[in-house]
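The next block holds one structure in the form of structure tokens; read it before the comments.
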Amino acid sequence: MSKKHEMARRIPIIVCFVFGLFMLVQFFVPHRLSGAAYETVLDWMQIVFVFTLLVGAISYAKLNVKKVSRTESGWGYNAIGLVGLAVMVILGLWKGTGEETPFLWMFNNVQAPMQSTMFALLAFFVASAAYRGFRARSWEAGLLLVVAIVVMLGRVPLGSFISHWIPDAANWILRTPSMAAKRGIYIGIGLGTISTSLRIILGIERTYLGGK
Amino acid sequence: MPRQLIFVLIALSVAVPLVIKIGLPNEVTSEVMRVYEEIDRLDSGSVVLVSFDHEASSLPEVKPMALAILRHCFSKDLKVIGLALLAEGTSIGDQVLRETADEYERLYGKDYVFLGFRPQYQAAMLGMGEDIRRVFPEDYSGTPLIRLPMMRKVENYEDVALIVSVADGDMPVWWVDYAVSRYHKRLAVAATAVMATSFYPFLSSGQMIGLLGGLKGAAEYEILIDKPGMGQRGMDAQSVCHLVIVLLVIAGNVGYFMRK
């Protein structure tokens, strides 16, 4: 490996180690200097993140321009995406994003209804999938089915209208077995986060640099 | 059963109850009651930070919750700081805040402010614990915070009585990690129903003081503040829709066992 490539790999690892260790140590150091350095790091985190947003937007534009220029299958959708991106950027830069601006009008009357519509379509697909796929093929699947029905009815007024046992049972399911499972998952995530963070800080885990 | 028929049934089960009111009674759960009681016991002039941590897609579900909580805050003469940690929550938060503030004739800068959006939510949450003005030097319209009378008395989380996260994802968990654990703030959550179940461990541990779960949470809160709105209206539709799905599942299983 050339010296240039070697440095390109080492510098991110050193930066990661220094800042990772700093953020870990400063938590336990209540000194004013530590606090000031900590606030500066937080400022930098936001600045770096803004650049990643820019990278995302450029990457989105490049990918879509490529598809439109090659008239690949579905290129019309890519063109609409590009036009949408350009229109919102132009409107935002032209008259701002505040009250009674064209940007806000577009957001309220085009973007928000379209996104809500996409989200609402889930109800149709969930109903169709539930009818076709939700079968009591085993006793475990049967149990899941009963629990799903109880929670679905228990989380709407209709449940208590039928019997107060339904919302009581739904609440018990959510507050006891479901919560126990979630808690186990969260503990697992916590332990996994700690071990992965340590591996990254110590330079053992390097996949974020690309390659193997 | 053909898919098209299922789609028609679902469309009707949502649309008809929105037009013809059924008026099924809704009961208030303890999670929602705890949010109400927390806000209700705050002294007049206390500061509540409301974070609009959601996207436009979940607007029909999160807006009724946000409206109900803000109405309660303004009726109690609490000061509200609004902000967004997801870009799409910015315009929505600004509008919802202005809409409710106008209802109660609250003044911008004196009774409420809207800070706008900051990227990198972890850094923004941690930064506000040290100095809100450092993270948001200006409000959404570009006015320096120092010029807003309400913000002169607010430096960081120390001056905030309660944080409310109106969310459609796992942002409340980050609030727990950074504002609750590190700065010992009290956190109430208004989340979409699909996310609400994820937060029960935090309710049980006391890291979240209460939870509004989706449209049902909004409907319950509307009962508590005695201001009927979209939450209560939507619950009839949701009830019938759930019933239709349950009946479809039962019908699907009856067919399955008959064929077997």
Please give the residues of segment A:170-186, grouped as numeric ranges, whose backbone N is less than 20 Å from a label point set 7 Å along the Cα-to-Cβ vector of residue B:37. A:171-172, A:175-176
Short version: ³J(HN,Hα) in whole Hz for each residue of segment B:18-26, in order, from phi by Karplus 6.51 cos²θ - 1.76 cosθ + 1.60 (θ = phi - 60°), x for Gly and Pro, what are they? 6, 8, 9, 6, 8, x, 5, x, 10
Tell me which of B:204, B:119, B:142 sits at the most positive position along the dipole axis of segment B:25-230, charges placed on C-beta atoms (Lys, Arg +1; Asp, Glu -1). B:142
Built amide H within the under 5 Å cut-off of residue B:50, gap 5+: B:81, B:82, B:83, B:164
Going by Cα centres, segment B:98-141 and segment A:9-71 are how many Å apart? 23
For chain B, report the % of Cα-Cα distances exceeding 22 Å. 56
Given B:153/B:216; B:63/B:110; B:185/B:227; B:79/B:227; B:185/B:216; B:76/B:216, which pairs have Cα atoms separated by over 30 Å? B:153/B:216
Treating the beta-carbon of each Lys and Arg as +1 and of each Asp and Glu as -1, no other charges, what is the dipole magnitude of the protein assembly as shown about its Cα centre, to the nearest 20 debye? 1920
When a/c is below 1.5 the answer is rounded, else prolate if a/b is larger than b/c, else oblate, so apply that to chain A with a ≥ b ≥ c taken from the square roots of the Cα gyration tensor eigenvalues. oblate
Calculate one ³J(HN,Hα) per residue across segment A:80-97 by plugging θ = phi - 60° into the Karplus curve 6.51 cos²θ - 1.76 cosθ + 1.60, and present them in order as whole Hz with x for glycine and proline. 4, x, 5, 4, x, 4, 5, 4, 5, 5, 5, 5, x, 6, 6, 10, x, 10
Starting from the Cα of residue A:196, step 7 Å along the direction of its Cβ; do the same at residue B:110; then give the gap between the two resulting points in nm. 5.0
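Taking a quarter of the surface of the Cα convex hull of segment B:103-258, what do you get in nm²? List each step's numbers first, then the result.
Details: hull surface 49.7 nm².
That works out to 12.4 nm², a quarter of the Cα hull's surface.
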Under Karplus coefficients 6.51, -1.76 and 1.60, residue-wise ³J(HN,Hα) of segment B:105-117 in Hz, glycine/proline x: 6, 8, 9, 5, x, 9, 9, 7, 9, 10, 7, x, 10
Per the Debye formula with a single identical scatterer at each Cα and no solvent contribution, what log10 I(q)/I(0) holds for the protein assembly as shown at q = 0.08 Å⁻¹? -0.57
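Using a simple charge model, +1 on the beta-carbon of Lys and Arg, -1 on the beta-carbon of Asp and Glu, nothing else, what dipole does chain B show about its Cα centre, in debye to the nearest 20?
Numbers: 25 positive and 31 negative charges, 107 e Å.
It works out to roughly 520 debye.
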Those trypsin sites (Lys or Arg not before Pro) in segment B:44-146 that DSSP places in a loop and that have at most 13 other beta carbons within 10 Å: B:110
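Over segment B:140-196, what per residue volume does the convex hull of the Cα atoms give, in whole Å³?
103
Could you check what % of the DSSP bridge pairs in chain B are antiparallel, to the nearest 5? Walk me through the numbers on the way to the answer.
Working: 1 of 26 bridges.
Of all bridge pairs located within chain B, approximately 5 percent are antiparallel.
Quick check on segment A:45-141: what does the Kirkwood estimate of hydrodynamic radius come out to from the alpha carbon pairs, in Å?
Details: mean 1/r = 0.0587 Å⁻¹.
Radius from the Kirkwood sum: 17.0 Å.
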The long-range amide H neighbours of residue B:78, using H built 1.01 Å from N in the peptide plane and a cut-off of under 5 Å, are B:45
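Every read-out reported here was derived from the displayed coordinates using simple, explicitly stated rules and does not represent laboratory data. Please read all numbers here as calculations on a predicted model, not as lab measurements. Note that each Cβ is placed from the backbone with ideal geometry, even for glycine, and that neighbours are counted across all protein chains shown.
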